[in-house]
1. Any residue at all in segment 210-218 that is more than 26 Å from residue 327 (Cβ to Cβ), surrounded by fewer than 19 Cβ atoms within 10 Å (Cβ to Cβ) and at pLDDT below 85?
2. Suppose the filter is in contact with a strand residue (DSSP E or B) (Cβ under 6 Å, 6 or more places away or on another chain), at pLDDT 85 or above and in a loop (DSSP other than H, G, I, E, B); does residue 244 pass it?
3. Does residue 361 satisfy the criteria of being touching a residue at least 12 places away in the same chain (Cβ under 8 Å) and in a loop (DSSP other than H, G, I, E, B)?
4. Can you name every residue in segment 91-116 that is loosely packed, with under 15 Cβ neighbours inside 10 Å and in a loop (DSSP other than H, G, I, E, B)?
5. Take the residues in segment 221-234 that are crowded, with 20+ Cβ neighbours inside 10 Å and touching a helix residue (DSSP H, G or I) at 6+ places or on another chain (Cβ under 8 Å); name whichever of them is farthest from residue 166 (Cα to Cα).
6. Would you be able to say whether some residue in segment 33-42 is within 22 Å of residue 109 (Cα to Cα), touching a residue at least 24 places away in the same chain (Cβ under 8 Å) and surrounded by fewer than 14 Cβ atoms within 10 Å (Cβ to Cβ)?
7. Could you tell me whether any residue of segment 31-42 is closer than 24 Å to residue 137 by Cβ and modelled with pLDDT of 80 or more?
């Protein structure tokens with residue numbers, strides 16, 4: 001009994017939307033079905049290339065290169081848009097892949113109206129960011145950025161930089177100044193050489209920025225003031241002058257190992273609307289006693305909408321205990337205190353910590369203590 005081909009009965013736009021969720025090489029195989037499917041495939045606005053899928057299937061690397069080139073050329077020939085492109089180049093044991101190849105692929109996609117690009121490589125290729133000024137989303141991992149920039153990225157709303165090497169230490173400042181409507185910024189493991197040149201233009205406020213996830217940007221002359229408008233902030237290590245964050249509701253903070261927890265209270269004073277705090281407990285300084293100075297006036301956020309506090313790397317030391325006790329005693333709307341201990345803490349020690357914390361007074365009776 002012959003089964004009905006219900007999938008082919010669907011409209012072209014729905015079929016192309018379904019194909020956009022598949023790896024591009026799998027979506028491309030549908031062109032073998034019929035002439036109609038060849039046209040449908042060209043309507044797919046998303047390209048997803050990952051050389052690892054070819055490598056694990058035992059295919060020659062040149063097949064991956066030929067596929068990427070032919071598909072992008074077909075899109076350009078038929079004037080079909082590429083809205084999103086995901087490109088991962090993990091390794092090339094025969095050294096067949098060149099930086100020139102990758103640059104041509106990316107430029108070809110840009111000429112098809114690309115708005116969203118995620119590019120990841122282990123080969124530290126140069127990425128010429130000035131050629132992609134129409135992007136809305138840009139996520140880069142393990143590439144080198146050249147120092148040339150256009151005047152503005154007028155459309156860029158999301159910028160993620162991970163494991164990036166830059167040629168000039170002031171480059172990140174210049175890049176952020178070129179993104180007037182940026183909403184989501186991530187920068188982790190940025191490295192580069194210090195340059196005696198200075199970037200003399202005034203740093204612009206990122207008024208549209210909602211989310212920032214950053215590490216080691218103090219090395220690149222990027223002040224925390226740049227992120228003062230965000231609602232979500234993750235900082236692996238606090239640095240420099242801490243401004244007021246008038247809109248911040250969720251903060252995930254880390255501090256230097258020799259910083260005492262009294263510094264945390266000074267930071268909390270700058271976060272008047274904070275609702276959720278994730279704090280990695282710093283190691284106590286060896287030069288001071290293992291205790292903290294309790295602030296005379298409680299930070300404003302604790303007496304209003306503060307609802308959840310998560311303490312990671314908690315070992316039950318005196319200064320950590322004092323901090324947790326203060327938070328529970330002064331947070332009038334606290335709902336959850338979450339304690340995350342390192343793997344070196346055994347179950348018996350966890351139970352003892354939980355019993356001790358549970359014995360403290362709490363300003364918010366619904367508050368529950370959870371151990372992880």
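The values are calculated or read from the model by the stated rules, or taken from the named source; none is laboratory data. Predicted model only: the values in this text are computed from it and were never measured. For neighbour counting, all protein chains shown are included, and Cβ atoms are generated from backbone atoms with ideal geometry for every residue, glycine included.
1. Scanning segment 210-218 turns up at least one residue that is more than 26 Å from residue 327 (Cβ to Cβ), surrounded by fewer than 19 Cβ atoms within 10 Å (Cβ to Cβ) and at pLDDT below 85.
2. Here the answer is no, as residue 244 does not meet what is asked.
3. yes
4. 91, 93, 94, 95, 96, 98, 111, 113, listed by residue number.
5. Ranking the candidates gives 233 first.
6. Within segment 33-42 (the criterion being within 22 Å of residue 109 (Cα to Cα), touching a residue at least 24 places away in the same chain (Cβ under 8 Å) and surrounded by fewer than 14 Cβ atoms within 10 Å (Cβ to Cβ)), the answer is no, since none of the residues qualifies.
7. yes
Here is a yes/no grid of residues against (1) in a helix (DSSP H, G or I); (2) modelled with pLDDT under 90; (3) surrounded by fewer than 18 Cβ atoms within 10 Å (Cβ to Cβ); (4) out of contact with any helix residue (DSSP H, G or I) (no Cβ under 6 Å at 6 or more places or on another chain):
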site	(1), (2), (3), (4)
305	no, yes, yes, yes
311	no, no, no, yes
319	yes, yes, no, yes
326	yes, no, no, yes
334	no, no, no, yes
338	no, no, yes, yes
343	no, yes, yes, yes
